[in-house]
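What follows is a short report on a single structure.
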Amino acid sequence: MARPHHHSVYVVELHKDVLYDRRFVAANPRFDRFLPCVYVGATGLTPEQRFANHKAGRQANRFVRAHGLRLMPEVYAVFNPMPYRAALQMEVELAQDLRDRGWAVWQG
């Protein structure tokens, strides 16, 4: 039986070396250097499958491919699973919430 909702938001912790990228830093002018650098995305796959695809270069975000360390389910698991449109909206809202807290965020 198919799951009625199978989309998810996910958060990937990025290595601090991402801060050497001018585009990433420019997108996060008010970040706190003591807080995590992350990528926030939405997917119809499991977060684990999507992270593996990023690292393998399949439909990959360049920051996740080069600097992705691990998934952070402690940040996103409570929201999943959800319908497609809800996942897209939650991606935007979660990314903004983390930015507001001082995290450096790149959103997919």
Item to complete: Look at the stretch 23-54 and say how many of its residues are farther than 21 Å from Ala87 by Cβ, outside any loop (DSSP other than H, G, I, E, B), touching a helix residue (DSSP H, G or I) at 6+ places or on another chain (Cβ under 8 Å) and of a type outside the set (Phe, Trp, Tyr).
Response: 2
Response to the item:
Filtering the stretch 1-22 down to residues that are more than 18 Å from Met72 (Cα to Cα) and part of a loop (DSSP other than H, G, I, E, B) yields Met1, Ala2, Arg3, Pro4, His5, His6, Asp21
Worksheet item: Counting only residues that are under 20 Å from His15 (Cα atoms), aromatic (Phe, Trp, Tyr) and in a helix (DSSP H, G or I), how many does the stretch 55-108 have?
Response: 2
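Quick note: the coordinates plus some simple rules give every number you see, no bench work behind them. Values in this document were obtained by computation on a predicted structure and should not be read as measured data. Here the Cβ is made from the backbone with ideal geometry for all residues, glycine too, and neighbour counts use every protein chain on show.
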